[in-house]
Amino acid sequence: MTAGSTTAPPAPAVRLSHVSKSFGPDGDRQQVLEDIGLEVAPGEFVCLLGASGCGKSTLLSLVAGLERPTSGDIEVPGGRPALMFQEHALFPWLTAGKNVELALRLRGVAGSERRSEAERLLELVRLGGAHGSRVHELSGGMRQRVALARALAQDSRLLLMDEPFAALDAITRDVLHEELIRIWAETRLSVLFVTHNVREAVRLGGRVVLLSSRPGRVAREWRVDIPHPRRIESAEVARVSLEITEQLRGEIRRHGRH
Ligand SMILES: Nc1ncnc2c1ncn2[C@@H]1O[C@H](COP(=O)(O)OP(=O)(O)O)[C@@H](O)[C@H]1O
Ligand SMILES: [Mg+2]
C-alpha cells in the first residue's frame, strides 16, 4: 500500500437504495414495496421480518435478480447470491449427493472434484454418509439440510433464505437454527433471512429489519447484541421479541385485514 492511501470501506454484500416494486397494469397497480433502503455488510446476518403478504419474498426475488425493481437500485457486488426457500425444491429422483453435485456442475466445478466437494458440503450440514440417500427417504429437517448444502455449493458470498424452516416442527427448527449459526460463523457468509416469526428473527439475526405492510417499507430496525449461542427460549431473546412484537402489532392494526 502506498503511503498516505486510505482504505475504502468494504463494499456491502448487498445494497438497496430507494427500491420500489409494484405489480399489475396501469390503473390497477399494486404497490408492494416502497422506497426500501437496506444494506447488509460482509459477514452480517440480517433478518427481514414482516407480516405475511408484506413483500418479503418479493424483496428477495429482487435481490436474487429474478425480478426487476420498478424504481431504485440494487447492488450485489459479490455476484449472484445463493437462494434457499421454504420448500426444499430438491430433485426427488436424485440422491442427496447428486442434488448437491448438480449445483456444483452448474457452477462449473470439474466432474472429478464434484463427488468429494458434495461430501464435504454434506458433512458441513452434518449429513455425512447421506450422499446416496434418495430425497424421499429423508425427513423434512434432513431435506432442508440438503437444500442448505446445495445453496452453499453455489459458493456465493451472500445467502438469501426465504422462511426456510417455517414448515418444520419446533425441535427440528431449533436444531437447524444452531447449525445455521455455526455454518455462518465458519464461512463468514452474509445472510439475508426472511421470516414472519419474531423469535426466530431474534434468535438468529445480528440485526432485525421490520417491514411494514401495504406498501412494504422499512418500519424500524433493531441491533441484536445477544451473544451466540442464543437460545430461543432465553429471557434476553424473549425481551427483544416482545419489544418487536409490540411494533409489529401496531403495523398489523394499522393495516387491518390480517
Ligand atoms: N408476480 C406477482 N404479480 C402480482 N402480484 C404479486 C407478484 N408477486 C407478489 N405479488 C403480490 O405482492 C404482495 C407481497 O407478496 P410476497 O412478497 O409474497 O409477500 P410475503 O413474502 O411477505 O408474504 C402480495 O400481495 C402478492 O400478491
Ligand atoms: Mg413470502
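The values are calculated or read from the model by the stated rules, or taken from the named source; none is laboratory data. Remember, predicted model here, so these are calculated numbers, not experimental data. Cβ coordinates were reconstructed from backbone atoms using ideal geometry, including for glycine residues, and neighbour counts include every protein chain displayed. Only protein heavy atoms, including side chains, enter the accessible area calculation; ligands, DNA and RNA are left aside. Shrake-Rupley method; radii C 1.70, N 1.55, O 1.52, S 1.80 Å.
Tabulated results
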read-out	value
Bins of 10 Å from zero: percent of alpha-carbon pairs in the stretch 23-65	21, 51, 22, 6, 0
Extreme residue, positive dipole direction of the stretch 120-258, given options P215, V146, F193 (C-beta unit charges)	P215
Simple spin-label estimate for D28 and R68 in nanometres, 7 Å along Cα-Cβ	2.3
Degrees, to the nearest 10: 140-153 long Cα axis against longest axis of the chain	90
Kirkwood Rh (inverse of mean 1/r, distinct Cα pairs), the stretch 175-258, angstrom	13.7
Sulfur and carbon atoms: percent of accessible area, the stretch 23-138 [1.4 Å]	47
Added length on full extension, which subtracts the Cα-Cα distance from 0.36 nm per residue, R223 to E75	51.0 nm
Label-point separation in nm, S234 to T6, each point 7 Å along Cα→Cβ	3.8
Within the chain: Cβ-based charge dipole about Cα centre, in debye rounded to nearest 20 (Lys, Arg +1; Asp, Glu -1)	180
Candidates G79, G132, G27, ranked by Gaussian network fluctuation over the chain, Cα under 10 Å, top entry	G27
Probe 1.4 Å, protein heavy atoms only - accessible area per residue of the stretch 95-158 in square angstrom	48
Per-peptide average of other Cβ atoms within 10 Å, ordering 141-152, 62-73 highest first	141-152, 62-73
Between the stretch 25-94 and the stretch 131-192, the alpha-carbon center distance in angstrom	18
Once the Cα gyration tensor of the stretch 64-189 is diagonalised, semi-axes √(5λ) in Å	23, 19, 14
Length-normalised contact order of the stretch 158-254 in % [C-alpha pairs under 8 Å, at least 6 apart]	25
Kirkwood-type radius of the stretch 85-133, with distances r between different C-alpha atoms, in Å	11.0
Percent RCO, i.e. relative contact order, over the chain, from Cα pairs under 8 Å lying at least 6 residues apart	25
Solution diffusion estimate, µm²/s, Stokes-Einstein, the chain, Kirkwood Rh from C-alpha pairs, 10 °C, viscosity 1.306 mPa s	82
